[in-house]
Amino acid sequence: MSEINLFKEFKESSQEEWIQKINIDLKGKPLESVFWESEIGAINPVLFDTEIKNSNPGKFPFTRSTKVGNNSWNIRQQFDCSSNNVNQSLLKALEGGVNAIELHSIAEDVNFSELLNNIQIDIVEVYIHINGQNGIAVCNLFEAYCISQNYNPNQINGGIIFDPVDELNKTGNIKFNEAIPSALVTLRITYPNLTIFGVNATTYAEAGADITTQIACALSHGHEYLVQRLETGEALLDIVSSIEFSFSIGTSYFMEIAKIRAFRTLWATIVAEYDNSLTVFPIKINAQTANLYYTLNDKYNNLLRATTSGMAAIIAGVDSLVVLPFDHNEEVASQSFGLRIAKNIQLLMQEEAYLNQVIDPAGGSYYIEELTNKLQDLAWQEFKELENKGGIMQAVIQGELQEKITAQFNQKQAQLDDQSKVMVGVNKFKNENEALGNLKDTVKLENTLVEPLLARRLATKYEEK
């Protein structure tokens, strides 16, 4: 049977002819009238098939993901280990579909036998935050626990999250035992599937940074660790395989998809600068829905924001996702309902929407590819400026980064004030009769070395009225 050409009867149109037709349809309005004003400038929605063609998923430079086979990801939940009945909370979450747990505020004398009782950590991924003071003690206790339970080291996944740059960002101070990095490297020799360094780019986003600044800071933050560890003689592949990046995902759907794609491409570019023969390596990315956009006003709208953000992260190809509960900022007797709904958002995306079946479904979209390329260009320029000034830590120590991100947050706030940007239930379509809940208490920082990058929310000023 001969091949049928369904388009042979139609005249091929040139790009110029399409532009001419669009101008006719606009009835005298300029083409620029349909541009979208974004935080990275005007976006032209009139696109053609001249965008840069990217490689397949799993292929360098990993624009389309490091994954092969399918788009599976881990449903991840965060836990404060200073609270009561943590083990019960862990078990309840795991029984409900969570398969990765992230442990914060771990004591130096933690009892892992109690904390992880009845949890098979060779099946469930466990991520343990350590700081500059408790790091070695916690790692030693974790290793002793794994030995006591006769776990096969090759079946332990997850990671130890050590991120001194983020500690400086969040607390304004940095103190850590200089033996921690080498102790972590030694631990990973025994447990080769653990990541041992974290790059927490959520801090930049939650302080109000624009998307290009988030990418640039993540690159410089990761590069700081890359250079330091290369100087100790570690192999490049071992280093890049042991870092996990974390990003906050906002509500600008297409832009957030492009953000993760652009970051992977640029990080791969940096790695290639040290060894261009290294073309197969993981870029492990965790994402969480951005609290910057969560509100007390009409708090159930946060479920919709979380779904938008979560879906963007998954389409972009992250490895794990934390969906914050809709009442994340509220002082409530129990967050079990909010956590259950947050987890179910991900289960729906896996079990009913089948987003775990197709890698990079956005690939080839002229619009997504255009946004990805624009973000790559802008973020790369910003990254180079950071590096030329000494890198991420110098930018924080000098206060330049805090000043820049504050200005970006203020710009977002101004857009809400003049209603050029809308948050439903906050600056428009408000429920005037709503009784707002009480905010959780926050810790006030004193005697800091530098100004910390404090988390903010855009809705805060409207909740105070």
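The values are calculated or read from the model by the stated rules, or taken from the named source; none is laboratory data. Just so we're clear, the structure is a prediction, and the values are computed from it rather than from any experiment. Positions of Cβ are backbone-derived with ideal geometry, glycine not excepted, and every protein chain shown enters the neighbour counts.
Details
- Only one of Asp298, Asp360 that is among the acidic types (Asp, Glu), in contact (Cβ under 8 Å) with a residue 40 or more places away in the chain and in contact with a Ser or Thr (Cβ under 9 Å, 6 or more places away or on another chain): Asp360
- Selection count where residues are farther than 19 Å from Ala201 by Cβ, in a helix (DSSP H, G or I) and not aliphatic (A, V, I, L, M), scope region 395-418: 5
- Counting the residues of region 89-119 that are charged (D, E, K, R), out of contact with any strand residue (DSSP E or B) (no Cβ under 8 Å at 6 or more places or on another chain) and in contact (Cβ under 8 Å) with a residue 40 or more places away in the chain gives 1.
- The condition (being in contact with a Phe, Trp or Tyr (Cβ under 7 Å, 6 or more places away or on another chain) and either more than 30 Å from Gly132 (Cβ to Cβ) or not β-branched (Val, Ile, Thr) (or both)) is satisfied by just one residue among Gln20, Gln15: Gln15.
- The number of residues in region 90-130 that are surrounded by 19 or more Cβ atoms within 10 Å (Cβ to Cβ) and not aliphatic (A, V, I, L, M) comes to 5.
- Within region 308-349, considering residues that are more than 13 Å from the chain's Cα centre (by Cα) and among the polar types (S, T, N, Q), the one modelled with the lowest pLDDT: Ser334
- Residue match in region 233-246 (condition: within 16 Å of Thr63 (Cα to Cα) and crowded, with 23+ Cβ neighbours inside 10 Å): yes
- Pair list, Cβ < 7 Å and 6+ apart or interchain, from region 432-453 residues that are closer than 22 Å to His328 by Cα to residues that are outside any loop (DSSP other than H, G, I, E, B) and of a type in the set (A, V, I, L, M): Leu453/Ile405
- Which numbered condition Asp166 misses (of (1) at pLDDT 95 or above; (2) more than 17 Å from the chain's Cα centre (by Cα)): (2)
Matching residues to (1) in contact with a helix residue (DSSP H, G or I) (Cβ under 9 Å, 6 or more places away or on another chain); (2) over 30 Å from Ala205 (Cβ atoms); (3) surrounded by fewer than 17 Cβ atoms within 10 Å (Cβ to Cβ); (4) of a type outside the set (Phe, Trp, Tyr):
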site: Gly132; (1), (2), (3), (4): yes, no, no, yes
site: Tyr145; (1), (2), (3), (4): yes, yes, no, no
site: Lys170; (1), (2), (3), (4): yes, no, no, yes
site: Asn177; (1), (2), (3), (4): yes, no, yes, yes
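- Of Ala306, Ala312, all but one fail to be touching a residue at least 60 places away in the same chain (Cβ under 8 Å), surrounded by 17 or more Cβ atoms within 10 Å (Cβ to Cβ) and under 21 Å from Thr251 (Cβ atoms); the exception is Ala312.
- From Ile405, Ile368, residue being modelled with pLDDT under 95, crowded, with 17+ Cβ neighbours inside 10 Å, touching a helix residue (DSSP H, G or I) at 6+ places or on another chain (Cβ under 8 Å) and not hydroxyl-bearing (Ser, Thr, Tyr): Ile368
- Sole residue being under 24 Å from the mean Cα position of the chain (by Cα), part of a loop (DSSP other than H, G, I, E, B) and surrounded by fewer than 19 Cβ atoms within 10 Å (Cβ to Cβ), chosen from Lys421, Lys444, Lys430: Lys421
- Scan of region 373-419 for residues that are among the aliphatic types (A, V, I, L, M) and either touching a Lys or Arg at 6+ places or on another chain (Cβ under 7 Å) or under 26 Å from Ile270 (Cα atoms) (or both), ordered by number: Leu375, Leu378, Ala379, Leu386, Ile392, Met393, Ala395, Val396, Ile397, Leu401, Ile405
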